[in-house]
Structures are given as C-alpha cells and as structure tokens.
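Here's the structure, in structure tokens; my notes come after.
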Amino acid sequence: MNKTAWNIGGVLALWGAGLCAWAQPAPTTSIYTCVDAKGRKLTADRPIADCTDREQRVLGPTGTERQRVGPTLTEQERSALEAQRRKEAEERARVADERRRERALMTRYPDKATHDAERAQALEQVDQITVVAEKRIVELQDQRKKLNTEMEFYKRDPNKAPMNLRRMLAENEDAIAEQQRFVAGQDQEKRRVNQRFDAELAQLRKLWETQRAAGSGAASASPPASADIR
C-alpha cells in the first residue's frame with residue numbers, strides 16, 4: 001500500500017471512530033443520595049432502601065440536583081393521606097358552595113328594604129291562607145248550629161236521632177277540629193318564616209358590612225381627581 005492510500009485509510013478510520021463516539025447517548029445515570037436514620041450519608045445509583053422513610057435527592061452525572069423523591073408510604077399512611085386529601089377537598093367544596101350562596105343572597109337582597117319587603121310578602125301569604133281556613137270554620141260552626149237545632153227533638157234520647165243526622169254531626173265536629181289544627185299550623189309557619197328571615201338578616205348584615213368596608217377601602221386607595229386648571 002502506498003503512502004497516499006494509507007493516509008486516506010487512516011483519515012476514514014478516524015472519522016468513523018468519531019462518528020461512533022458522537023452516536024453514543026449521553027450517560028443518564030441518576031445518583032440517589034440521602035442521610036439515613038443513623039446519620040450516615042448514603043449514595044447509590046437507585047433508590048436507597050435505608051432511606052425509604054425520608055426524602056432522597058436525585059442527582060445527575062454532573063452533581064446537579066434533578067429532583068427529590070419523597071419517603072415511601074406504608075398502606076396505612078397512604079390511606080391516611082388520601083383521607084386527609086379528601087377531607088381537604090370536601091372542605092374546599094363546602095367553602096366554595098357557601099361563597100356561592102352568599103353571592104346569591106347578596107344579589108337577591110342588596111339592602112334591608114328589599115329583605116323586609118319579601119318577609120312581609122311571605123307573611124301575607126300565610127295570613128291569606130289562614131283567613132280562608134277561619135272562614136271555613138265559621139261556615140262549619142253555622143252548619144253545626146242547624147244540626148244542633150235538629151237534635152233538639154232528640155235531646156231526651158240522642159240515640160233515637162236518625163243515623164244520617166248523627167253522622168253529619170260527627171263529620172262537622174271533625175271538620176272544625178281539622179281546620180283549627182290547620183290554623184294553628186299556620187301560626188307555626190309564620191314563626192318559621194320569621195326565624196328564616198331573621199337568620200338571613202343576621203348573615204346579610206355581616207355581608208353588607210363587608211361589602212361597604214371593601215367599597216370604602218377601594219375608594220380611599222384610588223388617587224384623587226386632579227383639579228381643573230383654568
């Protein structure tokens with residue numbers, strides 16, 4: 001082989017070796033390091049068994065930190081962690097739902113006058129139903145007077161009164177008692193309405209005060225308008 005051919009072959013061989021070296025992937029070995037329960041600093045190319053109960057640092061080949069691996073949890077610890085996370089999520093959902101209700105309440109009742117008007121309307125509806133029931137009681141009482149007049153003929157021996165008359169008297173008595181119970185129930189309904197509006201008003205007062213304070217703070221934070229120079 002002449003000298004020229006040898007030089008060309010050598011160049012090609014060197015170029016091939018460089019190409020192979022360039023094609024090799026960069027090392028990706030991770031280094032795990034930690035300080036175990038005995039205070040020893042441990043290093044390995046995989047997660048360290050003696051440090052499963054503590055955090056481990058994962059380093060690259062150059063010694064730079066890539067990430068940190070948390071302690072390995074037991075089944076009981078994982079269950080407890082999941083339960084805690086569920087509890088926190090439920091609490092966040094509860095708070096968010098409460099905020100939505102508060103915003104809806106503020107939208108519905110922007111001031112006390114609006115709230116008072118709706119309370120009065122709700123109580124009036126209960127009163128209207130009560131008036132109808134009381135009128136029905138008066139009608140039944142008038143009917144009872146007529147039935148009592150017919151029973152006067154049998155006051156010495158009520159058992160001789162016609163079965164139809166006795167049945168009508170019993171039905172009338174039951175109807176009056178039912179209407180009286182209904183009226184009493186409406187009185188309780190009015191108390192429930194007032195209790196509901198009282199609770200809402202107590203909450204609204206706090207929300208209105210917070211809103212006013214926020215508005216005052218925003219107004220004081222804004223720069224004063226410059227005076228016109230004429």
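What follows is calculated from the coordinates using simple rules that are stated; it is not laboratory data. These numbers were taken from a predicted model, which means no experiment stands behind them. Cβ: placed from backbone, ideal geometry, glycine included. Neighbour counts: every protein chain shown.
Sequence-distant or interchain residues sharing an amide H contact under 5 Å with V35, placed H: which?
For V35, whose amide H was placed from the backbone, the distant partners under 5 Å are L42.
PRE reach from Q67 (point 7 Å along Cα→Cβ): which of segment 34-57 fall under 13 Å by backbone N?
Backbone N within reach: 47, 56-57.
Quick one: Karplus J couplings for segment 153-165, per residue in order, coefficients 6.51, -1.76, 1.60, θ = phi - 60°, nearest Hz, x for Gly and Pro?
5, 10, 5, 6, 9, x, 5, 7, 5, x, 4, 5, 5
What FRET efficiency comes out for the pair K206/A96, r = Cβ-Cβ distance, R0 = 25 Å, nearest 0.05? Mind dumping the intermediate values first?
On the way: r = 19 Å, r/R0 = 0.74.
So the FRET efficiency works out to roughly 0.85.
Using the Karplus curve 6.51 cos²θ - 1.76 cosθ + 1.60 with θ = phi - 60°, what ³J(HN,Hα) values do you get for each residue of segment 200-208, in whole Hz, with x for Gly and Pro?
With the stated coefficients, segment 200-208 comes to 4, 5, 4, 5, 5, 4, 5, 5, 4 Hz.
So if each residue of separation counts as 0.36 nm, and I subtract the Cα-Cα distance between A80 and K190, what length gain in nm does that give? Present the calculation step by step, with values, prior to reporting the outcome.
Values: separation 110, 0.36 × 110 = 39.60 nm, distance 4.76 nm.
Length gained between A80 and K190: 34.8 nm.
Report, to two decimal places, the Cα Rg of segment 111-215 normalised by 2.2 N^0.38 Å (N = number of residues).
1.84
If I take every Cα pair under 8 Å that is 6 or more residues apart in segment 111-215, average their sequence separation and divide by the length, what percent do I get for the relative contact order?
Working: 44 pairs, mean separation 46.7, N = 105.
With pairs under 8 Å counted, the relative contact order is 44 percent.
Ordered by packing density, taken as the mean number of other Cβ atoms within 10 Å over each peptide's residues, highest first, how do 75-87, 44-56 rank?
On the way: 75-87: 10.2, 44-56: 14.1.
Output ranking for 75-87, 44-56: 44-56, 75-87.
How big is the Kirkwood radius of segment 28-72, worked out from every pair of different alpha carbons and given in Å to one decimal?
Computed over segment 28-72, the radius equals 10.3 Å.
State the Cα centre-to-centre distance between segment 23-95 and segment 139-182 in whole Å.
Value for the Cα centre distance between the two parts: 87 Å.
In whole Hz, with x marking every Gly and Pro, tabulate ³J(HN,Hα) for segment 88-101 from phi via Karplus 6.51 cos²θ - 1.76 cosθ + 1.60, θ = phi - 60°.
Using θ = phi - 60°, the values come out as 5, 5, 5, 5, 4, 5, 5, 5, 5, 5, 5, 5, 5, 5 Hz.
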